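What follows is a set of notes on a single structure, which appears directly below.
The values are calculated or read from the model by the stated rules, or taken from the named source; none is laboratory data. In this text the structure is predicted, and so the values were computed from the model without any measurement. As a convention, Cβ positions derive from the backbone with ideal geometry for all residues, glycine included, and neighbour counts pool all protein chains shown. Please note that ligands, DNA and RNA were not included when accessible areas were found on the heavy atoms of the full protein model with its side chains. Shrake-Rupley method; radii C 1.70, N 1.55, O 1.52, S 1.80 Å.
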Amino acid sequence: MERIGDTMAVPRLSRRTLGERRPELLDSVQGEDIGAGILHLGIGAFHRAHQAVLTEQALLVEPGDWAIRGVSYRGPGAADALNPQDGLYTVVERGANERFRMVGAVRDVLYQRPDEVRAMLASSECRIVTITVTEAGYRHDPATNRLRRDDPELTADLAGRTPRTVIGQLVDGLRARRSRGEDAPITVLSCDNLLDNGKLVAGLARDFCALAGNPALADWIDGHVAFPSTVVDQIVPAPTGDCLREVEARLGLSDHAAVAGEAYRQWVIEEFDGPRPAWDRVGARFVPDIAAAQARKLRLVNGTHSAIAYLGLLAELETTAELVREEDFAEYIQALVRAETGPSLGNGDGEEAERIVRRLATPRIDHRLRQIAGQGARKLPQRLLEPARDLLAAGREPRLICLGIAGWISFLRGAKETGALDEDSRELAAAPDVDRLLGAWRGCPEDLRESKIFRDLIAEALDGLRSDGVRRTVRRAVAERN
Ligand code: CS2
């Protein structure tokens, strides 16, 4: 095998090179001869480690035309990584028994190719659209769940003929599908960490049609397209150079699209009638109602993530694994889940709390707090505000949740100068006090904004962070909670 790091000497992964060097791996993945039944919007690390792996596994159990064509919006990175590799890449599953999987279910990646996206959506071959574009990618107003009227790219999509936004491309393709008289059912599955993500996308598509002056298309979509909601769970950080080097050393080929994540995967999907790969035979669960799984996942896993991301950054820590090694923070997570986010679901048992700490401690997972901290204004409502609201309604104080929110506010204030904040957060970072910040926060429900207990708990936590520092404040809050 070539020397590690001597990238000039290591050929790039592709079907040809894999067949030459590791024929057994090529034999283990999907061939290029199957039809592409899935269009995935927003092909990043998460999709590659999660839905694409489940699709690959489902195809081994039950063959079918379910190869994936990905679309990327952020830049040419995913296309440049995957296309020269014929869509092949490695997934490293971290944990006690580290595992490397080769995945062949991805056919290619389309970047700035709206005509091809449209043709794919219009074709009878395409029967599933999956989406992972993050919380901000839908360009909606979280207070109304409608499209943001002031979004310049949406405005351009509504005016022009080559859409660039996710919803614009989706509706454009469905318009072409309708014009072709295509009647085969098609299902759109959002896999982002938002409440009722299926209903959200359906509503945004309808909104886009209305703004485009095409109500007949909205009716056609209602009759032909299903939008089940889904809940996804798997920790998959942005890939690091170390991960790519590790895969290269192992494979003997250079893989620019490798990703690493935990071995655990969950996918809960609201039942629907249309065709799909045999995902249910490889671990996905189809259920009549996702509400319980959704609240559990968003509050316990993501709520914990967001709360510790800000507190950890204030403590100058870098990764989740590093954070849970500190006793004060590990105890904070336990107390948050046992005494607040768990009980907000009517469940305060400690088993879930232990499990979350274990997941966050997965060795070598390299999950940067800074990555989790992004887009807080859009993440916190479903992760921390919803459980705070339920606790207050039950007459309990969301003290540890408010400490997490105070962590976010301190983080925003500290980051204001650096220009690193997203647009929503920048606006909030400029608010002179908590009341005005809550007032300007589109994701904060009215009743919470007006709750004196809620505002006071945040103000108290902010005072603590300012005067005593993050570790002492966390320790004290946990002691008061216990
Ligand atoms: C994280 C999620 O970055 C974040 O906001 O909380 O990506 C999280 O890792 C996944 O949702 C876990 O399923």
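Points to keep in mind about this one:
- Residues that are at pLDDT 95 or above and open to solvent by 20 Å² or more (accessible area, probe 1.4 Å) were ranked within segment 29-44; the one that is farthest from residue 264 (Cα to Cα) is 34.
- Segment 264-281 - residue that is within 14 Å of the ligand (Cβ to nearest atom) and free of Cβ contacts under 8 Å to residues at least 60 places away in the same chain and, of those, nearest to residue 53 (Cα to Cα): 266
- Set side by side, the residues 232, 225 differ, and just one is within 16 Å of the ligand (Cβ to nearest atom), under 29 Å from residue 121 (Cα atoms) and at pLDDT 95 or above, which is 232.
- Of the residues making up segment 120-135, those that are of a type outside the set (S, T, N, Q) and either at pLDDT below 95 or touching a Leu at 6+ places or on another chain (Cβ under 7 Å) (or both) are 120, 121, 126, 128, 129, 131, 133, 135.
- Every residue from segment 127-140 that is out of contact with any Asp or Glu (no Cβ under 9 Å at 6 or more places or on another chain) and not polar (S, T, N, Q): 128, 129
- Sole residue being within 16 Å of the ligand (Cβ to nearest atom), out of contact with any helix residue (DSSP H, G or I) (no Cβ under 7 Å at 6 or more places or on another chain) and among the aliphatic types (A, V, I, L, M), chosen from 293, 284, 249: 293
- Close pairs (6 angstrom Cβ cut-off, 6 or more residues apart or separate chains): farther than 19 Å from residue 414 by Cβ in segment 370-387, polar (S, T, N, Q) and away from the ligand (no atom under 12 Å from the Cβ) anywhere: 387/341; 387/344
- When segment 125-177 is limited to residues that are closer than 28 Å to residue 233 by Cβ and among the acidic types (Asp, Glu), the one that is surrounded by the fewest Cβ atoms within 10 Å (Cβ to Cβ) turns out to be 141.
- When segment 356-369 is filtered for residues that are more than 10 Å from the ligand (Cβ to nearest atom) and either within 20 Å of residue 403 (Cβ to Cβ) or open to solvent by 30 Å² or more (accessible area, probe 1.4 Å) (or both), the ones remaining, listed by number, are 356, 357, 358, 361, 363, 364, 366.
- Being within 19 Å of the chain's Cα centre (by Cα), part of a helix (DSSP H, G or I) and among the acidic types (Asp, Glu) is a property that holds for residue 424.
- Filtered residues of segment 303-318 (kept if at negative phi and surrounded by fewer than 19 Cβ atoms within 10 Å (Cβ to Cβ)): 318
- Scanning segment 170-189 for residues that are touching a Phe, Trp or Tyr at 6+ places or on another chain (Cβ under 9 Å) and under 23 Å from residue 425 (Cβ atoms) turns up nothing.
- Here is the figure for segment 247-264: residues that are more than 22 Å from the chain's Cα centre (by Cα) and crowded, with 20+ Cβ neighbours inside 10 Å total 6.
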